1. Run down 202, 185 and say which single residue is outside any loop (DSSP other than H, G, I, E, B) and surrounded by fewer than 17 Cβ atoms within 10 Å (Cβ to Cβ).
2. Do we find that residue 25 is part of a strand (DSSP E or B), more than 12 Å from the chain's Cα centre (by Cα) and surrounded by fewer than 16 Cβ atoms within 10 Å (Cβ to Cβ) in this structure?
3. Hey, can you tell me all the residues within region 135-145 that are touching a helix residue (DSSP H, G or I) at 6+ places or on another chain (Cβ under 8 Å) and in a helix (DSSP H, G or I)?
4. Checking the conditions here, which among 169, 201, 110, 128 is on the phi < 0 side of the Ramachandran plot and more than 16 Å from the ligand (Cβ to nearest atom)?
5. Among (1) within 16 Å of the ligand (Cβ to nearest atom); (2) over 30 Å from residue 58 (Cα atoms); (3) touching a strand residue (DSSP E or B) at 6+ places or on another chain (Cβ under 9 Å), where does residue 183 come up short?
6. Regarding region 80-98, can at least one residue be identified that is buried (at least 17 other Cβ atoms within 10 Å of the Cβ), away from the ligand (no atom under 16 Å from the Cβ) and part of a strand (DSSP E or B)?
7. Could you list all residues from region 134-152 that are within 16 Å of the ligand (Cβ to nearest atom) and either out of contact with any strand residue (DSSP E or B) (no Cβ under 9 Å at 6 or more places or on another chain) or under 19 Å from residue 171 (Cβ atoms) (or both)?
8. Here are some residues: 122, 118. Which one is part of a strand (DSSP E or B), touching a helix residue (DSSP H, G or I) at 6+ places or on another chain (Cβ under 9 Å), more than 11 Å from residue 142 (Cβ to Cβ) and more than 10 Å from the ligand (Cβ to nearest atom)?
Ligand SMILES: Cc1cc2nc3c(=O)[nH]c(=O)nc-3n(C[C@H](O)[C@H](O)[C@H](O)COP(=O)(O)O)c2cc1C
């Protein structure tokens, strides 16, 4: 089994990276491979809301001069997805948000459904939980399955590497990694014996009609 992890920080080995590595360590101990993709240092423009992905039905974003389509394919092939972002103004860092909006809009075809998905966040002081909730919105919308830990998935630090000194944060990531590995195994084994619920077509009401 494999997890693809996305690091939304522009810093290659900042605190978000360390949070991902803490989860990765537990996953690897359980025999799950992890690929970390560095999103935050790339030039990723935001969604154009052109709906070409829905019209063309080719599983691709029409913007094809960056790596988003490659990463979407990696998400489809993985058994689990880990989303990591630093907190910027109590929110997901901009480049990561641009990637997530496009990737999850394109992959809104059931291809991520019932994969295991989790989010981690690195923050200096405040805004960790709002950012964690924002990342979870993508996981929820895709009907993915989410493992938990013993607190919200937030680690504290400012300068790169400071997160390693956050003992409680480290435990949060460690437990998340263990629970994620276990859930992935449950899903993998369970699918062989327990029938998945049928996917329902989306009802759009726009609150009017
Ligand atoms: C543009 C910007 C905005 C930030 N906004 C916040 C914030 O709202 N709250 C906070 O506690 N820290 C904030 N920070 C600090 C980072 O969240 C913190 O340093 C984090 O550990 C960075 O993770 P990284 O090393 O993975 O990039 C901000 C940093 C930057 C560069």
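1. 185
2. no
3. 135, 138, 141
4. Checking each option against the conditions leaves just 201.
5. (1)
6. Scanning region 80-98, I find at least one residue that is buried (at least 17 other Cβ atoms within 10 Å of the Cβ), away from the ligand (no atom under 16 Å from the Cβ) and part of a strand (DSSP E or B), so the answer is yes.
7. Of everything in region 134-152, just one residue is within 16 Å of the ligand (Cβ to nearest atom) and either out of contact with any strand residue (DSSP E or B) (no Cβ under 9 Å at 6 or more places or on another chain) or under 19 Å from residue 171 (Cβ atoms) (or both), namely 152.
8. Checking each option against the conditions leaves just 118.
Only the coordinates and a few stated rules stand behind these numbers; no lab work does. The structure displayed is predicted, hence computed values, not measured ones. In this analysis, Cβ positions are derived from the backbone assuming ideal geometry, glycine residues included, and neighbour counts consider all displayed protein chains.
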